[in-house]
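Data block below; observations after.
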Amino acid sequence: MKTAIAVKELYVSYFGSEALKNVSFTVEEGKLVGIIGPNGAGKSTLLKALLNLIQKEKGEVAILGKTIKEMRTKVAYVPQRSSIDWDFPITVFDTVLLGTYPKLGVFKRPKKIDKAFAYECLEKVGMTEFRNRQIGELSGGQQQRVFLARALAQEPEIYLLDEPFVGVDVTSEETIILILKQLRDLGKTVVVVHHDLRKAKEYFNELILLNKELIDFGVVEKVIQPEVLEKAYNIQFSPLTNLEAKA
Amino acid sequence: MINFIDALMYYGFLQKALTTSIMVGVICGVIGCFIILRGMALMGDAISHAVLPGVALSYMLGINFFFGAVFTGVLTSLGIGFISQNSRIKNDVSIGIMFTAAFASGIIMITLMKSSTDLYHILFGNVLAVRPSEMWSTLLIGIFVIVCVYAFYKELLVSSFDSTMAAAYGLPTRVIHYFLMTLLTLVTVASLQTVGIVLVVAMLITPAAAAYLLTNRLWVMLYLSAGIGVLSSILGLYFSYTYNLASGAAIVLAATVLFILAFVFSPKKGLVWRAIKNIRKREMLSR
């Protein structure tokens with residue numbers, strides 16, 4: 001088994017306040033991994049640090065044994081839905097076609113073969129009938145499926161998804177998780193930022209439990225224990241519990 | 001109208017004015033699309049004003065004002081980026097501080113040169129007095145801008161739509177930003193004679209905004225925006241010549257009228273269509 005992602009002693013801070021502290025873990029290839037933790041735990045920050053989209057203070061990130069700069073085209077990122085301008089003049093099909101851009105290089109336009117492949121990816125998420133719609137005319141779940149199709153069109157080894165199930169209908173959620181599991185079975189590595197603990201056992205092989213520091217990392221059954229979760233989530237509520245204790 | 005066409009056949013200055021303003025319509029329309037899609041309308045206004053000290057400097061040094069304009073335009077956009085990245089000051093505030101400073105120093109430099117007529121023409125444009133050399137430099141800038149947009153269309157599209165994805169796959173998004181700022185400066189310089197510094201921003205955003213209401217595809221938007229820009233130029237010049245109005249202001253108002261038409265009558269997004277849809281829906285429900 002090869003290592004897909006290796007993070008060693010990662011520190012990230014925003015304007016002086018620490019967002020991630022001393023985070024280390026490794027993800028093997030062919031795993032479906034969830035990143036969970038309370039709000040503001042640095043889950044999205046971790047994904048962005050993996051992609052080198054934000055400055056690391058300290059630490060190392062290795063993607064398939066190399067630096068992210070050498071491996072950029074092997075990683076696809078699906079952003080949070082709230083970060084996209086849904087009024088942008090672009091159709092569903094053209095959005096998926098963006099996924100073929102990294103392989104094309106400068107000055108080259110997508111050819112017939114790229115368009116056929118984008119269509120195939122759109123087919124996988126069951127969205128071909130909407131291909132000529134403007135992306136803002138879709139429901140939240142449909143939008144998320146289109147962005148997954150775009151990631152598929154990038155043909156990466158590693159998929160990073162930021163909160164793909166927020167504001168998503170049941171059918172879309174099922175479609176998405178099914179595809180992610182298929183990708184895992186094909187040997188791809190999938191990392192998902194997720195906030196809903198209930199489905200975690202069903203969805204993931206391993207969990208990264210985060211609250212600025214790495215609280216725990218390992219197979220789902222081990223991490224999803226109440227006493228482990230408390231360590232991550234209780235920190236957030238502790239001022240309140242203290243108050244109650246005093247009263 | 002026939003008078004205008006007759007005059008067009010007869011007068012060289014009018015031909016030059018028309019050619020120049022058509023080219024300005026095209027390039028402002030094209031660059032304007034990216035400006036509004038990236039939410040940089042205020043930045044467009046800022047850069048166009050920031051060109052003024054550069055123009056003044058060029059006059060003093062006796063060089064082509066093109067160089068000075070690009071210099072202060074790019075310098076201002078770097079300054080804006082530097083302030084908003086290195087302090088808690090928000091981007092729009094940083095834009096406001098930098099461009100007014102640049103504009104004010106430009107005004108002082110020009111008053112020191114004691115030529116207020118030049119200042120008036122730079123600020124408000126006078127396309128009927130355009131010189132052949134200026135027409136040619138507009139053409140060269142226009143060709144350069146169009147070629148750049150064509151060559152980097154893919155990169156401009158993806159970085160405007162989803163800059164995180166663009167950065168994630170290794171596009172130099174910051175370089176693209178400053179590259180676009182440079183193109184914006186060039187377009188401003190090319191538009192100096194036609195609409196002037198103060199109104200350039202209208203030519204950048206009004207046709208693009210009208211086009212934005214009419215289509216769901218970026219490349220269609222680019223063509224439409226250029227087309228609306230050209231139509232505004234022709235209409236504006238016609239009214240300017242026929243009724244002896246300031247050319248820049250006439251062109252801008254023509255663009256505004258076209259925008260209002262798009263706003264009211266756009267299929268799917270226009271006021272009229274939405275009203276019809278609402279009435280139909282109400283009828284359906286009351287049945």
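The values are calculated or read from the model by the stated rules, or taken from the named source; none is laboratory data. Remember, it's a predicted structure, so these values are computed and weren't measured experimentally. Ideal geometry is used to build each Cβ from the backbone, glycine not excepted, and the neighbour counts take in all protein chains shown. For the accessible areas, the whole protein counts, side chains as well, though only heavy atoms, and no ligand, DNA or RNA atoms are used. Shrake-Rupley method; radii C 1.70, N 1.55, O 1.52, S 1.80 Å.
Observations
- Some residue of segment B:93-112 being open to solvent by 20 Å² or more (accessible area, probe 1.4 Å), in contact with a Lys or Arg (Cβ under 9 Å, 6 or more places away or on another chain) and either of a type in the set (Val, Ile, Thr) or part of a helix (DSSP H, G or I) (or both): no
- The number of residues in segment B:262-287 that are open to solvent by less than 90 Å² (accessible area, probe 1.4 Å) and within 23 Å of residue B:211 (Cα to Cα) comes to 10.
- Residue, nearest to residue B:124 (Cα to Cα), within segment B:1-53, restricted to residues that are open to solvent by 50 Å² or more (accessible area, probe 1.4 Å) and of a type in the set (S, T, N, Q): B:19
- When residues of segment A:119-140 are limited to those that are surrounded by 20 or more Cβ atoms within 10 Å (Cβ to Cβ) and away from chain B (no Cβ under 14 Å), the one farthest from the chain's Cα centre (by Cα): A:127
- Within segment A:196-234, the set of residues being acidic (Asp, Glu), open to solvent by less than 50 Å² (accessible area, probe 1.4 Å) and under 18 Å from the mean Cα position of the chain (by Cα) comprises A:196, A:206.
- Selected residue (only one of A:8, A:21, A:66 is basic (Lys, Arg) and out of contact with any strand residue (DSSP E or B) (no Cβ under 9 Å at 6 or more places or on another chain)): A:66
Yes/no per residue for (1) closer than 25 Å to residue A:149 by Cβ; (2) open to solvent by less than 10 Å² (accessible area, probe 1.4 Å):
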residue: B:148; (1), (2): no, no
residue: B:156; (1), (2): yes, yes
residue: B:160; (1), (2): yes, no
residue: B:167; (1), (2): yes, no
residue: B:173; (1), (2): yes, no
residue: B:181; (1), (2): no, yes
residue: B:184; (1), (2): no, yes
residue: B:191; (1), (2): no, yes
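- If you filter segment B:128-173 down to residues that are charged (D, E, K, R) and away from every other protein chain (no Cβ under 12 Å), you find that the one that is nearest to the chain's Cα centre (by Cα) is B:134.
- For beta carbons closer than 7 Å, sequence separation of 6+ or different chains, a first residue in segment B:55-68 that is touching a residue at least 60 places away in the same chain (Cβ under 8 Å) and a second that is among the hydroxyl-bearing types (Ser, Thr, Tyr) and open to solvent by less than 70 Å² (accessible area, probe 1.4 Å), the qualifying pairs are B:64/B:58; B:65/B:58; B:66/B:137.
- Any pair with Cβ under 6 angstrom, 6 or more apart, that starts in segment B:41-53 at a residue that is among the polar types (S, T, N, Q) and ends at one that is open to solvent by 10 Å² or more (accessible area, probe 1.4 Å) and modelled with pLDDT of 90 or more: B:48/B:201
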